[in-house]
Amino acid sequence: MSSKNPELVILAAGMGSRYGGLKQIDSVDDEGHIIIDYSIYDAIKAGFKDITFIIKHEIEEDFKEIMDKHLEGKDVRVKYVFQQLDMLPEGFSVPEGRTKPWGTAHAIACCDGVVDAPFAVINADDYYGRHAFEKIYEFLSTEHPTDKAHYAMVGYKIKNTVTDNGAVARGVCSIGEDSMLVDITERTKVGKDEDGIYYIDGDERYPLDPETTVSMNLWGFFTDYIGFCKDGFSEFLRENLPKNPEKCEYYMPSVISRLLGEGRADVKVLENTDKWYGVTYKEDKPAVVAALRRLKEDGIYPEGF
């Protein structure tokens with residue numbers, strides 16, 4: 001258990017290939033706020049004072065120009081971590097034609113030596129809600145036993161996290177009666193239609209219960225998790241590069257599944273009452289804009305925050 005104040009790590013290295021632009025800095029209200037602004041507002045209210053952005057060098061200038069303006073006057077300290085394709089273990093090289101980032105677990109591994117306190121992780125393009133940040137901050141500020149690694153995840157019902165505009169990736173969870181995570185599997189092709197919510201694995205389609213809990217990448221970790229991500233990357237590359245050199249991704253849930261299976265960690269699932277909103281595709285934006293407008297009208301967020 002660290003005595004340091006928890007940090008917020010924001011995953012923002014993706015260029016939004018499905019969305020068609022740098023969605024992390026696309027405004028979502030009349031005041032020019034972006035989704036990250038809402039997350040940062042909620043995080044500061046919860047107690048966070050340190051923010052680390054994970055980005056790529058290719059977007060650094062544009063991203064920093066925007067964020068410097070949006071963070072002006074806010075009581076936070078900011079750091080940047082860069083996730084690059086060539087940040088690979090010795091003996092590996094970037095496959096020819098590869099442009100896709102190596103995934104969220106690789107992004108966390110890139111934080112080695114920079115993030116040195118308990119930390120929450122979020123996506124830059126997702127809205128999580130005030131209570132989610134309060135719950136994860138409380139967990140990270142609480143002392144835990146030292147018998148193994150103890151982490152937390154804010155869970156959402158899958159029915160509240162799918163879009164009408166295409167497939168999404170979700171960490172599908174199995175949860176025990178004590179609200180502890182039993183297993184998590186990253187499903188990269190989750191969708192919905194008139195027959196309900198489903199995921200595709202290979203050529204097969206499988207139904208998903210609308211009440212299924214999923215991860216939206218709001219996690220609470222301690223610094224040992226950075227080491228776990230870093231240590232497992234070589235094994236991931238050896239296994240997956242031969243099969244899918246251009247698109248394989250090293251996800252946080254896969255690291256969690258390995259640690260759970262080895263009995264080296266447990267994960268408390270924190271159920272959240274807030275609704276998730278996100279912009280995966282450009283067609284998602286109008287619904288997110290309308291939802292955030294309602295939250296302002298309800299007084300959850302002040303004008304000009």
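The values are calculated or read from the model by the stated rules, or taken from the named source; none is laboratory data. Since we're looking at a predicted model, the values are computed, not measured. No Cβ is skipped: glycine too gets one built from the backbone with ideal geometry, and neighbour counts run over all protein chains shown. Keep in mind that these areas ignore ligands, DNA and RNA; they rest on the heavy atoms of the full protein, side chains included. Shrake-Rupley method; radii C 1.70, N 1.55, O 1.52, S 1.80 Å.
Tell me which residues, restricted to the stretch 230-270, are part of a strand (DSSP E or B) and either open to solvent by 70 Å² or more (accessible area, probe 1.4 Å) or among the hydroxyl-bearing types (S, T, Y) (or both).
K268
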| query | Mind checking which residues of the stretch 130-151 are among the basic types (K, R) and under 30 Å from I35 (Cβ atoms)? | reply | R130, K135
| task | Would you please list the contacts, defined by Cβ atoms under 8 Å and residues six or more apart or on different chains, that run from a residue in the stretch 130-143 that is under 12 Å from K45 (Cα atoms) to a residue that is of a type in the set (K, R) and open to solvent by 50 Å² or more (accessible area, probe 1.4 Å)? | result | R130/K45; F133/K45; E134/K45
| field | Selection from the stretch 112-123 of residues that are in contact (Cβ under 8 Å) with a residue 60 or more places away in the chain and surrounded by fewer than 24 Cβ atoms within 10 Å (Cβ to Cβ) | value | D112, V114, V115, D116, A117, N123
| task | Give the stretch 54-72 a look and list any residue that's open to solvent by less than 10 Å² (accessible area, probe 1.4 Å) and either in contact (Cβ under 8 Å) with a residue 60 or more places away in the chain or closer than 24 Å to E303 by Cβ (or both), or say none. | result | M67
| request: Quickly run through the stretch 135-164 and pick out the residues that are within 29 Å of V28 (Cβ to Cβ), surrounded by fewer than 17 Cβ atoms within 10 Å (Cβ to Cβ) and either out of contact with any Lys or Arg (no Cβ under 9 Å at 6 or more places or on another chain) or acidic (D, E) (or both). | output: E138, K157, D164
| task | Among the residues of the stretch 192-225, write down those that are over 22 Å from M180 (Cβ atoms) and touching a residue at least 40 places away in the same chain (Cβ under 8 Å). | result | P210
| said: On the basis of being open to solvent by 10 Å² or more (accessible area, probe 1.4 Å) and at pLDDT 95 or above, does F92 make the cut? | reply: yes
| said: Tell me which strands (runs of 3 or more DSSP E) are completely within the stretch 175-222 and hold 3 or more residues being open to solvent by less than 20 Å² (accessible area, probe 1.4 Å), touching a strand residue (DSSP E or B) at 6+ places or on another chain (Cβ under 8 Å) and aliphatic (A, V, I, L, M), or say none if there are none. | reply: 181-193, 213-221
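Considering each of K64, K49, K74, K79 in turn, give the residue that is within 18 Å of the chain's Cα centre (by Cα) and of a type in the set (K, R).
K79
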